[in-house]
1. What relative contact order, as a whole-number percentage, does region 94-167 give when Cα pairs under 8 Å and 6 or more residues apart are counted?
2. Stretch residue 8-residue 36 to full length: gain in nm at 0.36 nm per residue minus the Cα-Cα span?
3. Between 0 and 90 degrees, rounded to the nearest ten: what's the tilt of helix 140-152 against the longest Cα principal axis of the chain?
4. Which translational diffusion coefficient, to the nearest whole µm²/s, is obtained for region 69-159 from the Stokes-Einstein equation, given a Kirkwood hydrodynamic radius over C-alpha pairs, 25 °C and 0.890 mPa s?
5. Quick one: ranking 121, 41, 30 by accessible area, 1.4 Å probe, largest first, what do you get?
6. Skipping prolines and chain starts, which residues have an amide H placed within reach, meaning under 5 Å, of the one on residue 159, given they are 5 or more residues away or on another chain?
7. In square nanometres, what is one fourth of the surface area of the convex hull spanned by the alpha carbons of region 10-64?
8. In Å and whole numbers, how far do the C-alpha atoms of the chain stretch along each principal axis, longest first?
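The values are calculated or read from the model by the stated rules, or taken from the named source; none is laboratory data. The model shown is predicted, which means the values in this text are computed figures rather than measured ones. All Cβ positions, glycine included, derive from the backbone under ideal geometry; neighbour counts span all protein chains shown. Ligands, DNA and RNA are excluded from the accessible area calculation, which covers all protein heavy atoms including side chains. Shrake-Rupley method; radii C 1.70, N 1.55, O 1.52, S 1.80 Å.
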Amino acid sequence: RVADGRIVAIGGPDIARPDDVLVDGTGTTLLPGLIDAHVHLAPGSTQLAATYGVTTQLDMFSMPGVIAAETPRSAFFTSSIGATAPGGHPSIAFPPFPSVTGPEDAKQFVVDRIAEGADHLKLIYDDGAGAGMRMPTLDLRTVQALTSEAHAHGLTVVAHVSTAAAA
């Protein structure tokens, strides 16, 4: 039995109410909505996800223009642009985007992400060692400043790390 978009009971005809629409699910499987906890948007991806039963998506770094162009058919939460050092991961994969040079940038960086609709803040703490590379990364004082500022605005903070040492 489904009520208000949620599965509220499982059983046979005995759980039906007079105004229910009955669906014969013989030979099928009923699942609750799926959650994709790590997406990066491409045009049309939120609609495609809904087609395959994904009802909640957590975007972990997408450009504001790509986010704005989407019309999510499910719950959608974004970090917008993640916090990384100049030249840090993933700057090689995207057009120029804001970076964080030190703790003094934390306040404005977080405010700007909130203005873009961010629901959480993503920190990128990756020096490339996990891929046999070297690249700039945030220092610990900057990570602390970003985390404090995000928490002051009620945002959850998530981190991208690629090695156990970074974690």
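1. About 39 percent, as a whole number.
2. Additional length available on full extension: 7.8 nm.
3. Rounded to the nearest ten degrees, it is 40.
4. Stokes-Einstein gives a translational diffusion coefficient of 181 µm²/s.
5. 30, 41, 121
6. Amide H to amide H, under 5 Å and 5 or more residues apart or across chains, residue 159 pairs with 123.
7. 5.8 nm²
8. Projected onto the principal axes, the Cα atoms of the chain cover 63, 35, 31 Å.
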